[in-house]
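To start, the structure under review is shown below, and the notes come after it.
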Amino acid sequence: MSGKGGAGDVLEDDPVGKLKVFVYEMPRKYNLNLLAKDSRCLHHMFAAEIFMHQFLLSSPVRTLDPEEADWFYTPAYTTCDLTPQGFPLPFRAPRIMRSAVHYVATTWPYWNRTDGADHFFLAPHDFGACFHYQEERAIERGILPVLRRATLVQTFGQRNHPCLQAGSITIPPYANPHKMQAHLISPATPRSIFVYFRGLFYDMGNDPEGGYYARGARAAVWENFKDNPLFDISTEHPATYYEDMQRAIFCLCPLGWAPWSPRLVESVVFGCIPVIIADDIVLPFADAIPWEEISVFVAEEDVPRLDSILASIPLDEVIRKQRLLASPAMKQAVLFHQPARPGDAFTQILNGLARKLPHPKGVFLESGEKGIDWNQGLESDLKPW
């Protein structure tokens, strides 16, 4: 189902009874020890991999009998090994994941039956299972070879991109629901800001020449609209950021290093119409959330005309988008609640996995069919972890 038409109807689907998931018991070094060493990974935008594990342990779809499982889940926290600045280490993540898969494949018989085709993994890195925050380096690595038959549940989604393999489930990044709840203001507050954005326009540290970061789209926003009174845009991140989004009609969601960011989630939660500037983006749960009906899509090359594009949207269309955004089901679907709630992002992931069942016949390897080449991949990724 596309993002059009009655896509929103499936937001209410209940996955219980439609699939059974076996959660592998992993040595603590793959998850809990990493978390104990650095609890910052509970709060950053990659945290879905931790909360998904916690959710599944007590979910009614969990089975303790691997023989009856439809799906197998490996809890490895690849985004929990952080730099001092709090970013996942790109050379550590693939080693952690390879080691976790090797452990699963040598401890249980289930991986080897399918080479992981009935296994799913959370990969909330900038470029998914390519495990790098810079696109060139991510493409050079490609999707970790051991994961190429698995289903990847990842924040990264871009059509025709080497870091998005067919059959992946694109999810929203983690944004803390309690923190957003604490900043809610009266829904009657007038939306007096036409366009709102807070964030980088340039990344001088990683892109001193300019033009590579955000493919120049953020720079174009700043250069064209910094003096436009309808555009409330700045690099400052005020304490009233969440309140300001609730006073805005349109919130810009441009690509950065990757096409996705938590702004999309924040915009939906705060009822600010997302203006998505990221060509070929694959949006979270696009078979359930009617993005075409709640957002505005602007091509990167059209950024200089952003003011006239937004100003020409008829008022009744703006109101219709705002009404749809106000639906609790829409907000619920992009949030990872603790504890989980019906219809939230955990539910949507399970629904996505349930819709992929039954597994096609080709999932099980024939006797004699060649399995994974454990020595395939970048030399640096093959180092032991």
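The values are calculated or read from the model by the stated rules, or taken from the named source; none is laboratory data. This structure is a prediction, so every number in the text was calculated from the model and none was measured. Neighbour counts run over all protein chains shown; Cβ positions are idealised from the backbone, glycine included. Note: accessible area is taken over every heavy atom of the protein model, side chains too, but ligands, DNA and RNA are not part of it. Shrake-Rupley method; radii C 1.70, N 1.55, O 1.52, S 1.80 Å.
The figures follow:
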{"item": "Gyration tensor verdict on region 264-317 (Cα atoms; rounded if a/c is under 1.5, prolate if a/b is larger than b/c, oblate otherwise)", "result": "oblate"}
{"item": "Radius 9 Å from Cβ of Trp71, net charge of other residues (Lys, Arg +1; Asp, Glu -1)", "result": "0"}
{"item": "For Ala47, residues with placed amide H under 5 Å, excluding near neighbours", "result": "Tyr174"}
{"item": "Whole-Hz couplings from phi, Karplus 6.51/-1.76/1.60, listed for region 73-88; x for Gly and Pro", "result": "10, 10, x, 10, 8, 6, 9, 9, 9, 10, 6, x, 7, x, 9, x"}
{"item": "Ellipticity estimate at 222 nm from DSSP helix runs (n ≥ 4, -39,500 (n - 2.57)) divided over the chain, nearest 500", "result": "-7000 deg cm²/dmol"}
{"item": "Derived scalar couplings ³J(HN,Hα) [region 299-304; Karplus, 6.51 cos²θ - 1.76 cosθ + 1.60; whole Hz; x for Gly, Pro]", "result": "5, 4, 6, 8, 3, x"}
{"item": "Percent carbon-and-sulfur accessible area, the chain, ignoring ligands, DNA and RNA, probe 1.4 Å", "result": "53 percent"}
{"item": "Phi to ³J(HN,Hα) by Karplus 6.51 cos²θ - 1.76 cosθ + 1.60 over region 226-237, Hz, x for Gly, Pro", "result": "4, 9, 7, x, 7, 9, 9, 10, 5, 8, 5, 10"}
{"item": "Set Lys226/Lys321; Lys179/Lys321; Lys37/Lys356; Lys37/Lys370; Lys37/Lys179 screened for pairs whose C-alpha atoms are more than 32 Å apart", "result": "Lys37/Lys356; Lys37/Lys370"}
{"item": "Long-range HN-HN contacts of Gln158 with modeled amide H, under 5 Å", "result": "Val282"}
{"item": "Of (i) 36, 24, 19; (ii) 33, 27, 20; (iii) 39, 25, 19, the label for semi-axes √(5λ) of the Cα gyration tensor in Å derived from the coordinates", "result": "(i)"}
{"item": "Relative contact order %, the chain, counting alpha carbon pairs below 8 Å whose residues are six or more apart", "result": "21 percent"}
{"item": "Whether region 177-334 is rounded, prolate or oblate, judged on the alpha carbon gyration tensor where a/c under 1.5 counts as rounded", "result": "rounded"}
{"item": "Separation between Cα centres of region 317-385 and region 37-88, rounded to whole Å", "result": "13 Å"}
{"item": "For the chain, Cys with no neighbouring Cys Cβ under 4.7 Å", "result": "Cys253"}
{"item": "C-alpha center-to-center spacing [region 252-286, region 110-144] in angstrom", "result": "22 Å"}
{"item": "Residue-normalised accessible area of the chain, expressed per residue, 1.4 Å probe, Å²", "result": "44 Å²"}
{"item": "Span-like helix ranges in the chain, DSSP H, alpha carbon extent 18 angstrom or more, Kyte mean at least -0.5", "result": "92-107"}
{"item": "Rounded, prolate or oblate (a/c below 1.5 giving rounded, otherwise prolate when a/b exceeds b/c) for region 92-207 by Cα gyration tensor", "result": "prolate"}
{"item": "Total formal charge among the other residues, if their Cβ is under 11 angstrom from that of Thr155, Lys/Arg +1 and Asp/Glu -1", "result": "-2"}
{"item": "Segment Ser308-Trp374, extension gain: residue separation times 0.36 nm, minus the distance between their alpha carbons", "result": "18.4 nm"}
{"item": "For the chain, size of Cβ-based charge dipole, Lys and Arg +1, Asp and Glu -1, in debye", "result": "800 debye"}
{"item": "Size of electric dipole in region 177-334: Cβ of Lys, Arg +1 and of Asp, Glu -1, about Cα centre, debye, nearest 20", "result": "640 debye"}
